[in-house]
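Novice: To start, I am sharing the structure in question, which I have written as structure tokens.
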Amino acid sequence: MYEVIARDGRAKSARFRTVHGVIETPVFMNVGTIGAIKGAVSTEDLENIDTQVLLCNTYHLHVRPGDEIVRKLGGLHKMVVWDKPILTDSGGFQVFSLAGLRKIKEEGVTFQSHIDGHRIFMGPEESMRIQSNLGSTIAMAFDECPDSTLGRDYIKPSVERTTRWLVRCKEEMDRLNSLPDTINPKQMLFGINQGGVFSDIRIEHAKEIAKLDLDGYAIGGLAVGETHDEMYRVLDDVVPHLPADKPTYLMGVGTPANILEAVDRGVDFFDCVYPTRNGRHGHAYTNQGKLNLMNAKFELDERPLDETCNCPTCRRYTRAYIRHLLKAKEMLGMRLLVLHNLAFYNNMMTEIREAIRSGNFKEYKEDKLNKLQG
Ligand SMILES: [Zn+2]
């Protein structure tokens, strides 16, 4: 299922076979929160910029339109018209970051919907049932994502509970996949490593969850308040303790530089809202650094956003036009920027795979980091 094609130092490039096709890694998953990329970007657009995996948020889809509705529509793939892999998160991160008043117990978490305030209960079994109704390719385990700045006294028991929740997730996923009317009976499950910035807790947890022989392993709870150096140190310490014959996913990370550093430490799956969020705010990632299109200097600039980019935006439109659209608050400006930024991330991942497979990742990384500084 997971075959490493090439290694360059600790960096690795692999092929991951799923029921919805092969994922070439390292890969950046494009975040389509409610089943669409924010910024009016469609799944047809994603096909045009070589997106490999769409990531959707379980909590948001559970609240609206409701996972039972998605199931009745034949699952997420059918609803959003996308036949390549989809990864759904567990809902845990949103429950712990978005939802109002919440109460954590051994069974799960009771919280209030951020839409209408009604009470929702979600535990490992509920998260697996919702993700099974969505029918994603890869489901994520339900975990607690504690603030990484909390002390050991909080983190240690929280991680132990996350391990117990993971065992329950696996049992429930196996049961759901064996039912005759399951949307995707080959749905995979990734476990999530937690432990804040405490390497000993994270390493112990990694060894514990590795025993469960899951389809892949994620590192959660990073990029939520700690410094970049702390994050890289945790990766240095933990990645060697996750199974080498399974994909490694660093959740919610990050800037292009963060991704290059994490690939260099053996990570192969990524997701982040930066390219979409920055696009909506008028910022473009380029090989000459980040551009703020609201800046007056682009008023008469007839070049594409990035002269080295071949995305649908750069093939056709100028910086001056996009700036005009943004100033006029015309939705197309935002859409063109989001599309380019996602293409920039996707192209960088293609370059990373090529560099690892041809054995010059280090040189590529240094060169790219210099370009990104503009
Ligand atoms: Zn472009």
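The values are calculated or read from the model by the stated rules, or taken from the named source; none is laboratory data. Treat the numbers as computed from the prediction; the structure is a model and nothing was measured. FYI the Cβ positions are ideal-geometry reconstructions off the backbone, even for glycines, and counts take in every protein chain you see.
Novice: Which residues, counting only those in region 252-311, are β-branched (V, I, T), out of contact with any His (no Cβ under 9 Å at 6 or more places or on another chain) and either modelled with pLDDT under 95 or within 16 Å of the ligand (Cβ to nearest atom) (or both)?
Specialist: Looking only at region 252-311, we keep the residues that are β-branched (V, I, T), and these are 253, 255, 259, 263, 267, 273, 276, 286, 308.
Subset that is out of contact with any His (no Cβ under 9 Å at 6 or more places or on another chain): 253, 259, 263, 267, 273, 276, 308.
Across region 252-311, the qualifying residues are T276, T308.
Novice: Just give me the residues in region 1-47 being surrounded by fewer than 19 Cβ atoms within 10 Å (Cβ to Cβ), of a type in the set (V, I, T) and not in a strand (DSSP E or B), in sequence order.
Specialist: V19, T33, I34
Novice: Tell me which residues, restricted to region 19-42, are over 17 Å from C56 (Cα atoms) and not charged (D, E, K, R). Can you show your working first?
Specialist: The first filter runs over region 19-42 and keeps only residues over 17 Å from C56 (Cα atoms), leaving 19, 21-22, 24-26.
Listed by number, the residues that qualify are V19, G21, V22, T25, P26.
Novice: A further question on this structure: Would you confirm whether any residue within region 339-353 is outside the structural domain of L55 (by TED's automatic domain parsing) and farther than 25 Å from Q52 by Cα? Walk me through how you get there before you give the answer.
Specialist: Residues of region 339-353 outside the structural domain of L55 (by TED's automatic domain parsing): 339-353.
With farther than 25 Å from Q52 by Cα added as a condition, the list becomes none.
No, there is no match, as no residue in region 339-353 is outside the structural domain of L55 (by TED's automatic domain parsing) and farther than 25 Å from Q52 by Cα.
Novice: So is L336 within 11 Å of the ligand (Cβ to nearest atom), in a helix (DSSP H, G or I), more than 18 Å from the chain's Cα centre (by Cα) and surrounded by 14 or more Cβ atoms within 10 Å (Cβ to Cβ) or not?
Specialist: Details: within 11 Å of the ligand (Cβ to nearest atom): yes; in a helix (DSSP H, G or I): yes; more than 18 Å from the chain's Cα centre (by Cα): yes; surrounded by 14 or more Cβ atoms within 10 Å (Cβ to Cβ): yes.
So L336 fits the description; yes.
Novice: Condition (residue is surrounded by 14 or more Cβ atoms within 10 Å (Cβ to Cβ) and either part of a helix (DSSP H, G or I) or out of contact with any strand residue (DSSP E or B) (no Cβ under 9 Å at 6 or more places or on another chain) (or both)) applied to region 102-113: is it met by at least one residue?
Specialist: Taking every residue of region 102-113 in turn, none turns out to be surrounded by 14 or more Cβ atoms within 10 Å (Cβ to Cβ) and either part of a helix (DSSP H, G or I) or out of contact with any strand residue (DSSP E or B) (no Cβ under 9 Å at 6 or more places or on another chain) (or both).
Novice: Still on this structure, I have one more. Cβ-Cβ distance below 8 Å, separation of 6 or more or different chains: which pairs start in region 280-307 with a residue that is free of Cβ contacts under 8 Å to residues at least 24 places away in the same chain and end on one that is away from the ligand (no atom under 16 Å from the Cβ)?
Specialist: Every condition considered, no pair remains.
Novice: Still on this structure, I have one more. If only one of V234, V239 is in contact (Cβ under 8 Å) with a residue 12 or more places away in the chain, under 26 Å from Y345 (Cβ atoms) and in contact with a Lys or Arg (Cβ under 6 Å, 6 or more places away or on another chain), which one is it?
Specialist: On the way: V234 fails: in contact with a Lys or Arg (Cβ under 6 Å, 6 or more places away or on another chain).
None of the others qualify; the one that does is V239.
Novice: Further question: For the structure I just gave you, tell me whether N278 is under 24 Å from the mean Cα position of the chain (by Cα), of a type in the set (S, T, N, Q) and closer than 22 Å to M231 by Cβ. Spell out the reasoning first.
Specialist: Details: under 24 Å from the mean Cα position of the chain (by Cα): yes; of a type in the set (S, T, N, Q): yes; closer than 22 Å to M231 by Cβ: yes.
It is true that N278 is under 24 Å from the mean Cα position of the chain (by Cα), of a type in the set (S, T, N, Q) and closer than 22 Å to M231 by Cβ.
Novice: Can you name every one of the helices (runs of 4 or more DSSP H) wholly within region 143-243 that holds 3 or more residues which are closer than 25 Å to I259 by Cα? Quick ask: steps written out before the conclusion?
Specialist: On the way: elements: 152-177, 199-210, 228-238.
Once the helices (runs of 4 or more DSSP H) in region 143-243 are filtered for at least 3 residues that are closer than 25 Å to I259 by Cα, what remains is 199-210, 228-238.
Novice: When you go through V95, V80 one by one, which is the residue that is of a type in the set (A, V, I, L, M, F, W, C) and over 21 Å from I192 (Cβ atoms)?
Specialist: Checking each option against the conditions leaves just V80.
Novice: Can you pull out every residue in region 48-82 that is aromatic (F, W, Y) and assigned to a helix (DSSP H, G or I)?
Specialist: Residue satisfying the conditions is Y59 alone.
Novice: Which residues, counting only those in region 28-63, are of a type in the set (D, E, K, R) and at pLDDT 95 or above? Walk me through it before giving the result.
Specialist: First, pick out the residues of region 28-63 that are of a type in the set (D, E, K, R): 38, 44-45, 47, 50.
Within region 28-63, E44, D45, E47, D50 qualify.
Novice: Still on this structure, please answer the following. Take R323 and decide whether it is modelled with pLDDT of 95 or more, more than 11 Å from the ligand (Cβ to nearest atom) and outside any helix (DSSP H, G or I).
Specialist: Numbers: modelled with pLDDT of 95 or more: yes; more than 11 Å from the ligand (Cβ to nearest atom): yes; outside any helix (DSSP H, G or I): no.
Criteria not met by R323.
Novice: Now a separate question. Since K246 meets every condition but one in (1) outside any helix (DSSP H, G or I); (2) of a type in the set (K, R); (3) within 15 Å of the ligand (Cβ to nearest atom), which condition does it not meet?
Specialist: (3)
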